[in-house]
1. What is the packing order of peptides C:264-276, A:141-153, taking the mean over residues of other C-beta atoms within 10 Å and listing the highest first?
2. Write down the Å³ per residue value for the convex hull defined by the alpha carbon atoms of segment C:280-354.
3. Would you tally the net charge around A:HIS3, using a Cβ to Cβ cut-off of less than 12 Å, leaving A:HIS3 out, and scoring K and R as +1, D and E as -1?
4. Could you order the peptides C:172-181, B:139-148, C:225-234 from most to least packed, using the average number of other C-beta atoms within 10 Å per residue?
5. Over the residues of segment C:169-270, compute the C-alpha Rg and express it relative to 2.2 N^0.38 Å.
6. Inverting the mean 1/r over all pairs of different Cα atoms, compute the Kirkwood radius of chain C and quote it in Å.
7. Report the Stokes-Einstein translational diffusion coefficient (µm² s⁻¹, integer) for segment C:194-336, Rh taken as the Kirkwood radius over Cα pairs, at 37 °C with viscosity 0.692 mPa s.
8. So if the hydrodynamic radius of segment A:132-185 is defined as the Kirkwood radius over C-alpha pairs, what does Stokes-Einstein give as its diffusion coefficient at 37 °C and 0.692 mPa s, in µm² per second?
Amino acid sequence: MSHPQATALALFAGGELPWWMRWRVRWHLGACETCRREVEGYRRAAAWFRETAAELPPGFDWERAAAEMRANIQLGLEAGECVSGPERAVSRIRWRVAAAVASIAVVVLGGWWLHMPHPRAPRFEAPLVASTSEGIQIREPEGSLTLLNSGAVPVMVSASAEGAMTARFIDEETGLVTVNHVSVE
Amino acid sequence: MVAEAAERRSRFIAENLRRIFIQIYRMVGNVDDAQDLTQEAFIKALQREDQLKDPDKAAHWLSRIATNTAIDFLRRSSRAEFLEVEALAEPLASPAEESPEELLLRSERRLFLEEGLRVLTERERLALVLRDLEGLPAAEVARRLNCSKATVRSHIANARIKFRQLLERRNR
Amino acid sequence: MFLWSRLSFLTACLAAAAVSQTLRVDFPAESPVTVVSADWGTSEASPRGGALVVDLRTTLRLRNSGAAPIRGVTLVVLAQEVTPGGKASVSVPSLNVAPGETFPVRIDLRLLRPLQATAGPLVRVELDGVLFDDLTFYGPDRLNSRRTMTAWEIEARRDRRCFKSVLAARGPEGLREEILASLARLADRPSLDVQVSRRGRATTLGAGRRLEFALLRWPDAPIEPLAGAALVAPQEAREATLEVRNRSGRRVRYFEIGWILRDRQGHEYLAGSVPAEIRLAPGEITQVSTDATLRFSRPVAVEAMRGFVSRVEFDDGELWVPSREHLSGERLDRLVGPSPEEQRLANLYRKKGLGALIDELNRF
């Protein structure tokens, strides 16, 4: 049996193939477990990427940076500056110069800005349940428990508004349908 | 009225600052540039107060401004070539809430991601970010990167293949 | 130095110790399911900074020590030290285990917890329930596994009937088409990673807007959804409220409403379900609401929502589930996915071919 190329499988996983190629690949997948695993591998990698790339750079001091950005945004609005186009290089210097020269003003405005009553984004109150690329999870302040999918593909995940989550798959080792379930009270 | 407008601005910034910063950071790959560009995007957005009234539309509209700002910057830095962009970008997913202990595991993943993205070419990284992170259709990614749909598919596929290979090596 | 020495020592201890010290299996003495053996497989513990990550991969081999064939088993997995407010379980539906036969149950889990000394097993596995062929049930049923496994078994019978009638009407090739269609639906099923929180507001995206459900009404469903709405924002949905009427002639004690979201591009996703434990007399109308927040891993610009009755339990324990015609008629089958039995049969076809599938259908 000949198999689709890796690029075709990678694009099939993300839904970018033209319809006529998609149809051919899907037909092949119906009979080829190896390629199905490949496609699931790309989907898992994409899920991992989405999950991880949505986070801050490692070791980055967000609170400090956010305070600085908020202060600078306020400065920019107050100064009526519109930073765009070819002036970009100049405007970057302008930020630094403004910070150096108007340091007292920045401190005063920044202090005022920081102490304004900002509506803070409320945090999730633990515990909660979540689905991840590896399985379904209970998260609490004391720790977390994940029931793993063990590399099974595909996995059907469903949530319940009572605070529960279920993952269903065929366990490759036992060959049986297995349903993992987590819930919080 | 002035207090109301200030409150609206303040809430708008609080709700969107982090995700816009991450969106831009993933495109330009540099923290300092991302900070400056984030400020720039917000200032552009906040100078049109009328756009803030509908929170859903405002969030989408801000994402579009952020994408355009980052692409303009990369173009001027001669790191990539683009045409003017048009359509909306999807807002970026916020990081999930997690227990404190999991932050320890997360930092390892984030470091790995940084290394992984460096393996990609700039085009591959942009295609992957615009497609898989911002959820733009492939045709739209092609327009923003000023290349054909076939070329952008090639970038996306190569990026996914390289990324997956790295991930599998890490998990061994 | 001291901390690292302590961590290394503890890691060595955990790695060297029998995993049975980390996991304990407790079944009642009179249980119709007994543990024959436990293969601990690859289990390990490793420190990560100030936390300990414990991976446990176990396969239990259980025996049907009762007098009737077993259709399903649910085991509770408890880690009270780590997640005291949570419960986990592993179920194996779609079984056909005759008395005296054995079957495997795999439990793969990961614990993440602060590093600290602990006495006793980290994880306990107990029996929540066993469902037999005649739909009788054994077990404490703390996780309502009787209801869940009975619903699965009813769906299993529904789906086997369907496949057998396709085989009778259209022959083996007709059955093959039906199974391939099932595999295609599963492959194409749109998915959305979700977090669910019960307590407190968890939004980072403002107040959201209230959206009404478009509710599907099936004339033969015992529960009729009348109206409903929920708050939606780009990354979450919460505070769903629903008004329903019991239009059957029997008392109802539980029902579930399936919750579908549609985005601006017209893509639909099964966001979750809204369950309600509520006693409803015939003809009675009631309102149910949930304080849970469903948070999505990626933004969904929600334009519309649909709701449908996905499960009803009567006061006498009998269950109602939608028919295959209900689900396919509204294109819900693509969103809801196959039943466990349909999934098992499709997998059997994939692994062993049409002949094996036909043989299996003929066993029932």
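Any read-out appearing in this document is the output of simple, stated calculations on the displayed coordinates, not a laboratory observation. Note that this is a predicted model, so its numbers are computed, not measured. Positions of Cβ are backbone-derived with ideal geometry, glycine not excepted, and every protein chain shown enters the neighbour counts.
1. Details: C:264-276: 19.1, A:141-153: 21.6.
Packing order, densest peptide first, comes out as A:141-153, C:264-276.
2. 202
3. Working: positive: A:ARG24, A:ARG36, A:ARG37; negative: A:GLU33, A:GLU38.
So the environment of A:HIS3 carries a net charge of +1.
4. Details: C:172-181: 16.0, B:139-148: 18.7, C:225-234: 20.4.
Descending packing order for the listed peptides: C:225-234, B:139-148, C:172-181.
5. On the way: Rg = 18.4 Å, N = 102, 2.2 N^0.38 = 12.8 Å.
Relative to the rule-of-thumb radius for its length, segment C:169-270 sits at 1.44.
6. Working: mean 1/r = 0.0432 Å⁻¹.
Every distinct Cα pair counted, the radius reaches 23.2 Å.
7. Working: Rh = 15.6 Å.
Answer from the Stokes-Einstein relation: 211 µm²/s.
8. Stokes-Einstein gives a translational diffusion coefficient of 283 µm²/s.
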